[in-house]
Ligand SMILES: Cc1cc2nc3c(=O)[nH]c(=O)nc-3n(C[C@H](O)[C@H](O)[C@H](O)COP(=O)(O)OP(=O)(O)OC[C@H]3O[C@@H](n4cnc5c(N)ncnc54)[C@H](O)[C@@H]3O)c2cc1C
């Protein structure tokens, strides 16, 4: 391996790249990594972590209101966006430091630069022009927010990247998109007191999730005061002299707002990365094509995380990076199972989900028992809040196997983690039934739903 500067060179210091670099180094490999922005990547710097901190911040407005039902008198409330952003920035800086220290501790050499691929064993650092050779190259450059560049006035819109650093909170915002990032940011802004509209081109938000869940999230968002417009899309964005934006839609609406945020998807960050020259195959949106061990068509080049557009989530990128490093440098080959991934949407209320949606389950088997329960969580008996919780089990009627569990309500994301273990173990409805309830919790509903609300037979 000594013919090369490194055994492994990783491009991208995010979730997947950092994990791969550290694990490869602990297996004895000489590892270099390049990061063009900040270590920690999207998740830490401008994704999961700051987003969740903003979700916490935005929930206090309801907590203060709910407290009154429990006898509290809450005094004057003031919110400082400036303080929130500064506290968040401090925490992100701390985490970035942790990432850097951990890389350093394992002996990974960091290059604070954009890197591009020159050929199958060479990369170039753009900050210095230096070329570096490596036996293996790992592409872990993630994805970046997609905006419709052909839209007139698109230069006036922001994406999630800018939303974390706005100099002031707008009075009103329109969020374009219907995926989890759009839904989460609509909840954040609404909770912080911003007049919020969500506009989505599809018939219902949260495509890919169970339809009952999608409808329930939509309903709860509307109850909280978010205006949800489905089946429409912007045709142009106008900036008026007073700085206000007007989003004109194909359906003839004019949506006025202080800010317009696009969260309409993310594209793999592969433009100008030198991959074409190196002969690395990509698909139509620029995602790198890989096999189950994250190998590209070039034997010395691998790719993990969002850039491969498999399941674009941090824990998945981390797993893929870990599996790559164990397989190539640790003599411990293993593959990531992408078939059952528990996940959360930090909407308000929250979504936790694992396994198949009803639609997906129906495509697999014709005989399903559906158990569905919608109820008011105990807290809201006194708070008076009109908010419903939803729990849904999708069961294979022939085998009794639980194929999917979908939860909408407080802490649903926490529940999804545990439900992920049960479904991973192949739990049946009988396993749920013989589990004694934890009382009083909302989760006990999961083990007390006796009769199917719907029996679907082929
Ligand atoms: C707003 C938002 C919220 C999210 N919330 C969640 C959540 O709650 N849960 C969850 O699981 N996932 C969430 N995600 C998704 C998650 O952030 C990604 O799936 C994850 O970060 C992917 O990791 P990665 O290693 O593939 O890429 P990234 O973490 O994006 O890392 C890629 C890194 O490569 C760097 N880079 C790019 N090109 C180059 C180059 N040529 N040279 C050097 N460096 C380069 C980038 O600067 C970046 O730091 C969220 C994403 C966003 C945007």
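For the stretch 123-156, the set of residues classified as modelled with pLDDT under 95 and within 16 Å of the ligand (Cβ to nearest atom) consists of 146, 147, listed by residue number.
A count restricted to the stretch 36-70 and to residues that are in contact with a helix residue (DSSP H, G or I) (Cβ under 8 Å, 6 or more places away or on another chain) and outside any helix (DSSP H, G or I) stands at 5.
In the stretch 365-379, the qualifying residues are those that are part of a strand (DSSP E or B) and more than 29 Å from the chain's Cα centre (by Cα), and the one that is nearest to residue 447 (Cα to Cα) is 369. Take the residues in the stretch 300-320 that are more than 7 Å from the ligand (Cβ to nearest atom) and closer than 20 Å to residue 27 by Cα, then tell me which one is farthest from the chain's Cα centre (by Cα). Result: 300.
For residue 67, the stated conditions hold: it is more than 16 Å from the ligand (Cβ to nearest atom) and at pLDDT 95 or above. Taken over the stretch 193-214, the criterion of being closer than 14 Å to residue 173 by Cα, part of a loop (DSSP other than H, G, I, E, B) and touching a strand residue (DSSP E or B) at 6+ places or on another chain (Cβ under 9 Å) is satisfied by 194 alone. Whenever a residue of the stretch 360-372 is modelled with pLDDT of 95 or more, its partners that are part of a helix (DSSP H, G or I), lying with C-beta atoms within less than 6 angstrom and at least six residues away or across chains, give the pairs 368/361. If the condition is being in contact with a strand residue (DSSP E or B) (Cβ under 7 Å, 6 or more places away or on another chain), buried (at least 18 other Cβ atoms within 10 Å of the Cβ) and in a loop (DSSP other than H, G, I, E, B), then the stretch 389-410 contributes 397, 409. Considering the stretch 95-134, the qualifying strands (runs of 3 or more DSSP E), each wholly inside and each with 3 or more residues that are out of contact with any helix residue (DSSP H, G or I) (no Cβ under 7 Å at 6 or more places or on another chain) and at negative phi, run over 115-119, 122-125. Restricting attention to the stretch 395-442, the residues that are touching a residue at least 40 places away in the same chain (Cβ under 8 Å) and over 20 Å from the mean Cα position of the chain (by Cα) total 9. Does residue 8 count as outside any loop (DSSP other than H, G, I, E, B), touching a residue at least 12 places away in the same chain (Cβ under 8 Å) and in contact with a strand residue (DSSP E or B) (Cβ under 9 Å, 6 or more places away or on another chain)? Here the answer is yes, as residue 8 does meet what is asked. Selection of first residues in the stretch 29-41 that are over 14 Å from residue 117 (Cβ atoms) and of second residues that are more than 7 Å from the ligand (Cβ to nearest atom) and assigned to a loop (DSSP other than H, G, I, E, B), restricted to Cβ pairs under 6 Å at least 6 apart or on distinct chains, gives the following pairs, ordered by first then second residue: 31/108; 33/108. Pairs meeting the criteria (first residue in the stretch 333-350 and under 23 Å from residue 293 (Cα atoms) and modelled with pLDDT under 95, second residue assigned to a loop (DSSP other than H, G, I, E, B) and near the ligand (Cβ under 10 Å from one of its atoms), beta carbons under 9 Å, at least 6 apart or on different chains) are lacking. Which members of the stretch 1-31 meet the condition of being within 11 Å of the ligand (Cβ to nearest atom) and out of contact with any helix residue (DSSP H, G or I) (no Cβ under 8 Å at 6 or more places or on another chain)? Residue satisfying the conditions is 9 alone. Picking from residues in the stretch 215-265 that are assigned to a strand (DSSP E or B) and under 23 Å from the mean Cα position of the chain (by Cα), the one that is farthest from residue 148 (Cα to Cα) is 227.
Taking the criterion of being within 15 Å of the ligand (Cβ to nearest atom) and farther than 16 Å from residue 56 by Cα, the residues of the stretch 174-197 that qualify are 175, 176, 177, 178, 179, 180, 182. Evaluated against (1) more than 16 Å from the ligand (Cβ to nearest atom); (2) more than 19 Å from residue 348 (Cβ to Cβ), residue 81 falls short on exactly one condition, (2). Would you check which residues across the stretch 174-204 are within 20 Å of residue 386 (Cβ to Cβ) and surrounded by 19 or more Cβ atoms within 10 Å (Cβ to Cβ) and list them? 183, 186, 187, 190, 191, 196, 198, listed by residue number. Comparison of 138, 151 shows that the only residue that is in contact with a strand residue (DSSP E or B) (Cβ under 7 Å, 6 or more places away or on another chain) and closer than 30 Å to residue 297 by Cα is 138.
Quick one: in the stretch 267-284, of everything that is outside any loop (DSSP other than H, G, I, E, B) and under 22 Å from the mean Cα position of the chain (by Cα), which residue is surrounded by the most Cβ atoms within 10 Å (Cβ to Cβ)? That would be 268.
The values are calculated or read from the model by the stated rules, or taken from the named source; none is laboratory data. Here the structure is a predicted model, which means the values were calculated and not measured. A quick note on method: Cβ atoms are made from the backbone with ideal geometry, for glycine too, and the neighbour counts reach across all protein chains shown.
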